[in-house]
1. Using 0.36 nm per residue, how much length does the chain from Thr103 to Arg207 gain when fully extended, once their Cα-Cα distance is taken away?
2. Can you pull out the trypsin sites (Lys or Arg not before Pro) in the range 196-301 whose DSSP state is coil and whose Cβ has at most 10 other Cβ atoms within 10 Å?
3. Does anyone have the angle between helix 367-386 and the longest principal axis of the chain? Alpha-carbon axes, 0 to 90°, nearest 10?
4. Find out how many positive minus negative residues lie around Gly314, taking Lys and Arg as positive, Asp and Glu as negative, among other residues whose Cβ is under 13 Å from that of Gly314.
5. Using Cα pairs under 8 angstrom and six or more residues apart, how large is the relative contact order of the range 345-427, in percent?
6. Thr212's amide H: which non-local residues (gap 5+, or another chain) put their own amide H closer than 5 Å, with H modeled 1.01 Å from N in plane and none for Pro or chain starts?
7. Suppose every K and R has +1 on its Cβ and every D and E has -1 on its Cβ; what is the size of the dipole of the chain about the Cα centre, in Debye to the nearest 20?
8. I'd like to check one number: the per residue accessible area of the range 233-368, probe 1.4 Å, reported in Å² as a whole number.
Amino acid sequence: MKQYRCDVVIVGSGAGGSACARAVAEAGLDTIVLEMGSRQTPETFTQKEEEMIPKLFQQAGSRTNTDKTIAILQGKGVGGSTLHNLNLCKRISPTLLDRWAETQALPDLPTRLTEAYKVIEKDLNVTRVTEARVNRHNDLFRKGCQALEFEHATLHHNRVGCVGAGFCELGCAYDAKQNAAKVLLPQAEHAGARILPQHRVTRIHSRWGRTTGVSGLLTQPGQSPQHFRVHASLVVMAASATGSSALLLASGLGNRHTGRGLHIHPAATVGADFADPVYGWKGVPQSVECTEFLDPVDADRRTWILPVFAHPAGTAGLIPGVGGDLMRQMLRYPHMAAASAMLHDHGSGSITTTRDGQPRIHYRLDPRDGQALVHGMVETAKIWLAAGATEVMIPFAHPVYLQSTEQAERLRQHTPRPLDPTLMAVHPMGSLAMAGTAEKGACGPWGQVWGTQGLYAADGSLFPSSTGGPPQLTIYAIGHMVGTHIGLEFGHP
């Protein structure tokens, strides 16, 4: 068995893990970061779907909930999901943050998180997308919003030196993403942290109510898996909203809230066809959002809408039809546009675990969420039609093709069922909600896991609800907040 020793071991190297690692390493704590995936560099990002998806996504992009009705994309590799995400950076609405503070007995959270936002935004060069970076695909979406007088805006990203290649979700070969892998993890290493890829943790160890480290399997190509053990007095879980809670459960740790309150932002993609080419794969993939139907604390406004686009294999997998029918549709690929109606889900799911710490994701669409999703799809169709689309496709079990707003309006009474519509999720969050007391959540105000000394979470699992927007920036900020606290509490002056 391979043995390591350190002060702090962090499980996961994504947004939360990287920010936490930098903070604790700079506080003088001997730090190890364990990552189940491999270490990729710009030179290894081939921009080929069949090569990069297995390298950058959990289960080669095939992860689903337990009844296989929702595809759930989660990242892996040194840098986690920041390797493949589209760089959207947006703070949580202050009204939602105030609600978290009230319902979870976290009065200081808005102030602490705001300070962490400022640090991360500066370090990652977060700026608003310039007008020159709004490609035709996003501009058509914006024109549809303008025609309908829907509330919309350009987004903030963390990219510098972007060439507009459009391959963001397959890893940036041009090294333009100011992400965990490029910025925070190298800074952590400079401060002395060790980053160990291909180390999958299967168990958290504790004794007499205090953590003693973790263990798992080291998997290297062409070699048999090797057991490893990390001895550490402090353990930080940053393995995502699914992975962190699954490992706690597999290790017999946590409380009655552990694994509960999972939110995933389930989304349905509405496609459109335009007479003139759109070339949706070129340029910055997402630069405009529509928030007309989104309010973080209003249950009647729970849909966030924004453009999405996939490369050929991904598109072919989403379009209904086979054989000649699919070929005819794919020949229209340059003319295609797409947008996602994404739920700020008020309903929730849960995580259970296999014996070796692998997550089982239990999630079914809440009826009110489902109705909000259908309304969001109708409004998304209207946006594309207002932008001049000749046809819009709604991904029901039997796909519906629309040419007019009147046809779209008639779909509002559709009742969602499993696989109807086709759903995808890319933002798992919750399952280890932070709270001021153990009666209200799984973790404390600084991410400490109730009931076990020396055990923390530092990722999106700490969210008490979904955010209704991209969670990346908040996960970075949470990681920084937790890591700073650990550094102050246990660091060496």
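1. The Thr103-Arg207 span can extend by a further 34.2 nm.
2. Answer by residue number: Arg256.
3. For 367-386 against the chain, the angle is about 50 degrees.
4. Once positives and negatives cancel, what remains is -2.
5. On the way: 83 pairs, mean separation 19.6, N = 83.
Computed over the range 345-427, the figure is 24 percent.
6. HN-HN under 5 Å from Thr212: His205, Ser206, Arg207.
7. 1220 debye
8. 38 Å²
The values are calculated or read from the model by the stated rules, or taken from the named source; none is laboratory data. Treat the numbers as computed from the prediction; the structure is a model and nothing was measured. Glycine gets a Cβ as well: all are built from the backbone with ideal geometry, and neighbour counts include every protein chain shown. Calculation scope for accessible area: heavy atoms of the full protein, side chains included, ligands and nucleic acids excluded. Shrake-Rupley method; radii C 1.70, N 1.55, O 1.52, S 1.80 Å.
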